[in-house]
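Some notes on the structure that comes next.
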Amino acid sequence: MVIQINHKSALPLHVQVESMLREMIELPEYNKGKMLPNEVELAKRLGISRNTVRQATNRLVYEGLLIRKKGVGTRVSDHNNVVTRLDSWHSFTQEMNKKGIAFKTFEIDVNWVQPDETVRKFFSISQHKEVLCMERLRGLGEGPIVYFVSYFHPRVGLTGKEDFSKPLYKMLEEEYSTVVATSKEEISAKLADENIAGKLKISAGSPVLKRKRFVLDPGGRPVEYNIGYYNAEHFTYLIDIQKGN
């Protein structure tokens, strides 16, 4: 690959460098672990400042596409590591599609169940009321990465015969006129029990990220209670925090 940018282009230099780096990390040699040229070398070859290269590199590190280690260098991150932003408001399928990640559904199981007290309280339903429960096992070609358990409020009107392989929130809006507006999140760390370990193909006692998602409609009414168990070895959350005054 020819490493160069167009100094006469109206496109900002850091944007051109970022685009060039995105092309580089798709090359087989870098996917196999070869280190990218260091920032000083790239800056000299491109005829730009090191800060411009750093700006472009920071973006890809931030997205989880590159891993930079002081004194070692920068390399392409393991493609088995999936990065998601905590402030992203999409269904999981939409979020991964937006990143260009081809996620695979290994298993979908849908049943009517009597939920536990936590779910009943969130939905404000009686003890013997049944709700639709969907379990989905998702991951890459190499194997599962996340195990989802979703409960849906009876008000939505789901029957259990829907095509749950489609983006969930898009389907709810188009087919059931249910718009999701707010997601409240809880994230914790735990050790996988036998059931979760079996689903994710990891050893019992391995670390997992547990993410609870409380999904509400524009009126603040509950729509979905979702729990996701993520293989901690292959999943990363990004969080933006703004400094207060």
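Every read-out reported here was derived from the displayed coordinates using simple, explicitly stated rules and does not represent laboratory data. Keep in mind the model is a prediction, meaning the values are calculated, not measured. Cβ: placed from backbone, ideal geometry, glycine included. Neighbour counts: every protein chain shown.
Label-to-label distance, Asn58 versus Lys121, with points set 7 angstrom from Cα along the beta-carbon direction: 4.3 nm. Using the Cβ-Cβ distance between Lys190 and Val15 with R0 set to 30 Å, the FRET efficiency from 1/(1 + (r/R0)^6) comes to roughly 0.15. Using the Karplus relation 6.51 cos²θ - 1.76 cosθ + 1.60 with θ = phi - 60°, the per-residue 3J(HN,Hα) values for region 39-56 come to 5, 5, 4, 4, 4, 5, 5, 8, x, 9, 7, 5, 4, 5, 5, 4, 4, 5 Hz, with x marking Gly and Pro. Alpha carbon centre of region 46-72 versus region 159-199: separation in Å? About 35 Å separates the Cα centre of region 46-72 from the one of region 159-199.
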